[in-house]
Structure formats: C-alpha cells, structure tokens
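Below: one structure, written as structure tokens.
Nothing in this text is a laboratory measurement; each read-out follows from the coordinates by a stated rule. What you are looking at is a predicted structure, and each value in this text was computed from that prediction instead of being measured. Quick reminder, even Gly has a Cβ in these numbers, built from the backbone with ideal geometry, and neighbours come from all protein chains shown.
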Amino acid sequence: MTQEYRTLRVSRDGPVGWLELNRPKAGNAMDGVMFDELPRAWAELDADPEVRVIVNVGAGRDFCTGLDVVQLGRDPGALREQSRRTKRSELRITGWHCGVVKPVVAAIQGRVVGGGLHFVADADVVIAASDVAFIDSHVSVGQVTAFEGIALTRKLAAETIMRLALAGRNERLGAARAYQLGMVSEVVEDPAELRERAAALAAKIARNSPAAMAATKRALYRALEDGLTAACQAAAADLVGLWGHPDQVEGPAAFVEKRAARWAPLDRQTEHEKILASRKPTTERVR
C-alpha cells in the first residue's frame with residue numbers, strides 16, 4: 001500500500017485487501033478525517049491489480065458506532081461537506097458508494113450503530129461475531145433513518161428494518177436474530193476468530209475469475225434497483241459481454257488439469273465505469 005492514513009489501516013495479504021476502521025478509542029466513529037480517507041482507501045484497494053476481494057473490519061471492541069458528532073462539531077468544514085454530500089445523495093463512505101467493482105466482505109463485531117449500518121447495508125457479504133449488536137439510533141436523536149435503512153430493506157424484510165429504525169437506541173438486534181433474518185450470512189461464535197474466518201472466506205472468493213465476479217456483482221446489484229424484466233434484460237448484456245473472455249477458456253482448462261486457474265487481470269477502470277453507468281436512472285427503472 002502506498003498511501004498513509006490516520007483513521008484507517010489499509011493492507012494486502014496475497015489477493016485479499018483489508019480496510020480497517022481504526023479509531024478504536026472512539027468506537028470507530030466516523031469523523032471528518034475518516035470521511036476524507038474512506039474514498040481514497042476504497043479506490044486504492046479496488047485499483048490494486050493484486051487484490052481480488054476486500055475485507056472491511058473494525059479495530060477494537062466495536063465495528064462502528066456511527067458519526068463522531070463531537071469531533072464533527074469542532075470541524076465545521078467537514079460537517080458542511082458531509083451535509084452537502086448527504087443532501088445530494090453523493091455519500092462516499094462504503095465500497096458501494098465509491099463504485100468498487102471487487103467483492104466486499106464485511107466482518108462485524110461489537111456495536112454497529114447508526115451510520116455504521118452503511119457498511120452492513122452496502123457490503124456484498126456480511127459475517128458477524130456472536131457479540132454483535134445492531135442499533136439504529138437515528139430517531140432517538142431526532143434524525144431520520146434513510147440511506148442505511150433503505151438499502152437494508154432491499155436485502156431483507158422491510159418490517160425488520162422498520163422495527164429497528166422506529167425502536168431507535170431502545171432496542172438491539174443480536175447476531176443470532178440477524179442471521180435468522182438474513183442480515184448476515186454467518187455467525188462466528190468466538191469473536192476472536194472473526195478475522196480468521198473472514199480471511200478464509202475471502203480466500204475462497206479470491207479463487208474465482210475477477211472479470212466474472214465483477215459482472216456478476218453488477219448484474220445482481222442492478223436487480224435490486226430495476227424491475228425484474230429490465231434487470232434480466234440488462235443482465236443478458238453482462239453475460240454475453242463475457243463471452244470470448246480468456247477466463248472462459250482458462251476456467252474449464254484449470255478444472256480438467258486439476259490446477260489453480262490463472263485468471264486474466266481485471267480491467268478495473270472499465271468495470272468501474274460500467275457499475276456507475278448501471279445506476280443511472282432509466283425510464284424502465286422502478287422508482
């Protein structure tokens with residue numbers, strides 16, 4: 001990694017990139033510096049040709065306790081910039097916000113509060129330690145649950161998110177119940193083993209074709225935004241667009257020869273442009 005960060009740790013272990021929220025004394029709450037560093041960190045990992053999957057973790061006991069309102073109150077410039085992005089729906093916090101084309105795994109522990117739910121809502125795969133507690137505190141401090149809750153309602157039952165949002169900080173959603181509801185795909189009983197399990201899952205994902213995973217991710221996310229017919233029609237272009245790609249020859253050959261596949265490098269810039277273009281409103285898109 002070439003850049004330096006004050007509120008994050010960014011590293012690579014083989015094909016797995018790690019983006020760690022690193023303000024443990026503040027519960028990894030997001031301050032002005034972190035708002036500035038997150039887009040750079042996502043872009044650095046997404047552009048690294050050696051990275052095939054990104055794992056998002058939090059340092060210390062809690063994953064992310066939302067916004068650091070005390071620090072932001074002392075940094076009016078950062079507060080104005082974040083308010084501008086919020087008003088224009090141009091947030092730059094998560095991999096999804098930043099158009100990351102590679103798979104993103106969120107490994108969650110401890111408290112995930114308010115704005116911390118962005119990382120859960122926008123990750124491609126979420127695993128959680130058994131000690132996790134999801135809390136949507138917005139209405140308890142006179143704020144509106146919007147982006148995080150809306151994204152989560154596309155992944156699981158709307159009533160689950162409505163209850164979490166309306167109960168505010170007076171109710172916590174635990175790991176076992178989150179797993180039952182499909183908010184997370186796995187619960188790690190021993191929190192000390194969370195990163196080890198995340199690394200193993202990331203390594204499993206990293207064995208696959210980068211180009212095929214990027215196209216698959218784009219198609220599935222479009223399905224969350226479009227109507228069924230429009231999503232399938234657009235996905236056909238994604239599918240056909242990979243015909244003739246070297247990975248479609250290499251994959252079967254590696255399987256027959258019982259060896260690890262030698263995948264072609266991912267054209268990250270092209271994939272990034274495609275994923276951003278897939279979000280542009282169309283007349284067919286369901287509002």
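Ranked by how many other Cβ atoms sit within 10 Å of their own Cβ, fewest first, the residues Val55, Val33 fall in the order Val33, Val55.
Based on other C-beta atoms within 10 Å, arrange Val141, Val113 from fewest to most.
Working: Val141 12, Val113 24.
Neighbour counts put them in this order, fewest first: Val141, Val113.
Among Arg195, Arg154, Arg85, the largest mean-square fluctuation in a Gaussian network model of the chain, built with springs joining Cα atoms closer than 10 Å, belongs to Arg85. Charges were assigned to the Cβ only: +1 to each Lys and Arg, -1 to each Asp and Glu. The resulting dipole of the stretch 42-126 about its Cα centre is roughly 380 debye. Between Val240, Ala219, Leu266, the Cα set farthest toward the positive side of the dipole of the stretch 210-277 (charges on each charged residue's Cβ, about the Cα centre) is that of Leu266.
Among Val188, Val104, Val139, the largest mean-square fluctuation in a Gaussian network model of the chain, built with springs joining Cα atoms closer than 10 Å, belongs to Val139.
Axis of helix 158-167 versus longest Cα principal axis of the chain: the two differ by about 20°, to the nearest ten degrees. In terms of surrounding Cβ atoms within a 10 Å radius of their Cβ, Arg262, Arg172, Arg23 rank from fewest to most as Arg262, Arg172, Arg23.
Tally Lys and Arg at +1 and Asp and Glu at -1 over the other residues with C-beta under 12 Å from the C-beta of Arg6: what net charge comes out? Once all neighbours under 12 Å are counted, the net charge is -1.
Once both axes come from the Cα atoms, what is the angle between helix 194-206 and the longest principal axis of the chain, in degrees from 0 to 90, rounded to 10? So the inclination is approximately 30 degrees. Take every DSSP beta bridge whose two residues both sit in the chain; close to 30 percent of them are antiparallel.
Here's how it looks for Asp226: its modeled amide H is under 5 Å from none belonging to a residue 5 or more places away or on a different chain. Charge tally for Asn208 (other residues, Cβ to Cβ under 14 Å; Lys, Arg +1; Asp, Glu -1): +3.
Other residues whose C-beta falls under 12 angstrom from the C-beta of Asp124 contribute a net charge of +3, scoring Lys and Arg +1 and Asp and Glu -1.
Between Arg172 and Leu224, what is 0.36 nm times their sequence separation minus the Cα-Cα distance? Round to one decimal in nm. Mind dumping the intermediate values first?
Values: separation 52, 0.36 × 52 = 18.72 nm, distance 2.64 nm.
Working it through step by step, the gained length comes to 16.1 nm.
Only helical runs count toward this figure. For the chain, summing -39,500 (n - 2.57) over DSSP H runs of n ≥ 4 and dividing by all residues gives -13000 deg cm²/dmol at 222 nm.
When the chain is treated as a GNM with alpha-carbon contacts under 10 Å, the residue of Asn22, Asn208, Asn170 showing the greatest mean-square fluctuation is Asn170. Once the Cα atoms are used to define both axes, helix 32-47 deviates from the longest principal axis of the chain by about 10 degrees.
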